[in-house]
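The values are calculated or read from the model by the stated rules, or taken from the named source; none is laboratory data. The structure presented is a predicted model; accordingly, all values stated were derived computationally and were not measured. Cβ: placed from backbone, ideal geometry, glycine included. Neighbour counts: every protein chain shown. These accessible areas exclude ligands, DNA and RNA; they are computed on the full protein's heavy atoms, side chains included. Shrake-Rupley method; radii C 1.70, N 1.55, O 1.52, S 1.80 Å.
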Amino acid sequence: MHNYLFYMSKRQQEKHGMFGTRTYDIWAAMKKRCLNPRHHAYKNYGARGISVCERWNLFSNFYADMGAQPKGMTLERIDNNNGACKTPFPTIV
């Protein structure tokens with residue numbers, strides 16, 4: 001599987017104006033962990049059946065649901081042993 005960003009044109013990457021922001025980077029990393037078998041953390045996510053809900057395959061949907069990452073919060077799985085979307089930045093770091 002190839003890196004998702006390679007499938008997006010430069011125009012698509014910049015369309016929402018969030019490319020390179022912390023929130024965008026979190027979304028991209030979530031997808032890599034869950035969808036890319038070559039990612040170093042895939043064994044703990046995608047290989048265990050942890051997935052990203054179809055709606056969140058588009059950054060614009062993820063951002064509409066989650067908004068910008070609140071300072072000091074992270075994105076976590078709903079259930080560590082069940083493939084599911086992740087919850088909205090619930091864990092204080």
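It is to be established whether one or more residues within the stretch 14-32 are part of a helix (DSSP H, G or I) and modelled with pLDDT under 85. There is at least one residue in the stretch 14-32 that is part of a helix (DSSP H, G or I) and modelled with pLDDT under 85.
Among residues of the stretch 24-45 that are within 21 Å of Leu58 (Cβ to Cβ), those with a Cβ under 6 angstrom from a residue that is surrounded by fewer than 17 Cβ atoms within 10 Å (Cβ to Cβ) and aromatic (Phe, Trp, Tyr), sequence gap 6+ or separate chain, pair up as Lys31/Tyr4. Within the stretch 52-78, if we keep just the residues that are part of a loop (DSSP other than H, G, I, E, B) and open to solvent by 50 Å² or more (accessible area, probe 1.4 Å), the residue that is nearest to Arg22 (Cα to Cα) turns out to be Ala68. Listed by first and then second residue, the pairs with beta-carbon distance under 9 Å, at least 6 apart or on different chains, first residue in the stretch 57-73 and on the phi > 0 side of the Ramachandran plot, second of a type in the set (Val, Ile, Thr) and part of a loop (DSSP other than H, G, I, E, B), are Gly72/Val93.
When you look at Ala84, is it at pLDDT below 75, open to solvent by less than 80 Å² (accessible area, probe 1.4 Å) and not in a helix (DSSP H, G or I), yes or no? Answer is yes for this residue.
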